[in-house]
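I have placed the structure first, in the form of structure tokens, so that the comments after it can refer back to it.
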Amino acid sequence: MKTIARPINWLICGLILGTAAYSCKKKDDVAPTTYTFAGLDNVKMPELTQTTPAAVTATAGTVTSSTLAAAVGSALSGMSASGPVPAAVQQAGATMGQVVSASKAATMMSSFTSDMVNSGTLSADMKKEVAAMASNASLKAYMPSYSLPTVNGKPVGARIGTAGINPVAVANSVQQNGPLDACQQAATTAYNTAVQRLDAAKAAQTSAINTTYTQLESVANGEVAGCQAGAPTKNEGLRTTLRAQMTGSMTVLNSLRSTLGDALYNQLALMSYIGYFQALDNVSTLQAADLTVCSAVKDAKISAAKTARDTDLNTVTANYNAQVTDAAAARTKAVASCHNQGNGG
């Protein structure tokens, strides 16, 4: 009997251990609950198309000849050596006579030289006298005029630029109070992951916007030197043209001096000299403006780039804020639905 009972005891023990081992294995193989939150998994930043900066327009300054002076020149060119003296020519002489006497005109005419015409320079005293005559109301209609260059429709010197937009950030975290069960913790993790994606996308878009602005700013700054380098050459061409016109006018007047008489000749010649040096002053004013307009164009381009940059940054911030707000709402909804995903609540 003893030899039979011992194997039975070992069999019973084996069955007990096998049952225990099977129970442990079944418990370990239970798969963990997987939580899904579609409202959080699909959160992303909208694609951004960067704003093109507003175009900058610039117009060159100009020197404009007087219509009356042109009419006098045309009348003189068409006048014969035997006369008669055209009415436009006589009127110009009479107008000049209201500004300066015949004797004063003769004295001033004896002071002008071909060197002054070629160099475009006068003594300080003569320059003062010529400027005073050029600004006389009676003579002004016979004087050349000029218009300043413009940038975006404004003469140089006017304030150009717009105020930027300062994007406002929004907090991207949600404070959770109290302990969280597994489903709620999964919802919070999904929310944090979504916000991290938004943060990365926002940083990438912001970097691209700032890079574009930096490139545009660099190009605008680099254009100034080349722009200013061309100003003296352009304006020297204007001076050459004016000098040729003055020489031509005096050639015509000299050929008609005996017909005009000394008094009218001096008045007309003096008017020509005053107009010539006034035109040279206008060119000098424009040359200085040309140098300024180069910087004004640069400033306008940078201002336009800043406006485009700030508009895009503001758009990125608005998109980001909206997505974070949607993510927070999705998290709240996910937490509320956790009892449907196996938390047992």
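Here are some notes:
- For the stretch 256-294, a residue qualifies if it is surrounded by fewer than 19 Cβ atoms within 10 Å (Cβ to Cβ), touching a residue at least 12 places away in the same chain (Cβ under 8 Å) and either assigned to a loop (DSSP other than H, G, I, E, B) or among the hydrophobic types (A, V, I, L, M, F, W, C) (or both), and the qualifying residues are Ala263, Leu291.
- Single match in Thr259, Thr285, Thr307, Thr292 (criterion: more than 15 Å from Phe112 (Cα to Cα), β-branched (Val, Ile, Thr) and over 37 Å from the mean Cα position of the chain (by Cα)): Thr259
- One residue stands out in the stretch 295-330 among those that are touching a strand residue (DSSP E or B) at 6+ places or on another chain (Cβ under 9 Å) and crowded, with 22+ Cβ neighbours inside 10 Å: the one that is nearest to Ala131 (Cα to Cα), namely Ala296.
- Among the residues making up the stretch 81-93, those that are in contact (Cβ under 8 Å) with a residue 40 or more places away in the chain, within 19 Å of Met250 (Cβ to Cβ) and outside any helix (DSSP H, G or I) are Ala81, Val85.
- Residue list for the stretch 49-87, restricted to those being surrounded by 17 or more Cβ atoms within 10 Å (Cβ to Cβ), under 41 Å from the mean Cα position of the chain (by Cα) and farther than 26 Å from Val283 by Cβ: Thr51, Pro53
- Comparison of Gly93, Gly73, Gly120 shows that the only residue that is farther than 24 Å from Leu238 by Cα and of a type outside the set (D, E, K, R) is Gly93.
- Number of the condition not met by Lys234 [criteria: (1) touching an Asp or Glu at 6+ places or on another chain (Cβ under 8 Å); (2) at positive phi]: (2)
- Scanning the stretch 198-228 for residues that are farther than 25 Å from Val56 by Cα, in contact with a helix residue (DSSP H, G or I) (Cβ under 9 Å, 6 or more places away or on another chain) and not polar (S, T, N, Q) yields Leu198, Asp199, Ala201, Lys202.
Laboratory data are not the source of any read-out in this text; all were calculated from the coordinates shown. In this text, all values refer to a predicted model and were calculated from it rather than measured experimentally. No Cβ is skipped: glycine too gets one built from the backbone with ideal geometry, and neighbour counts run over all protein chains shown.
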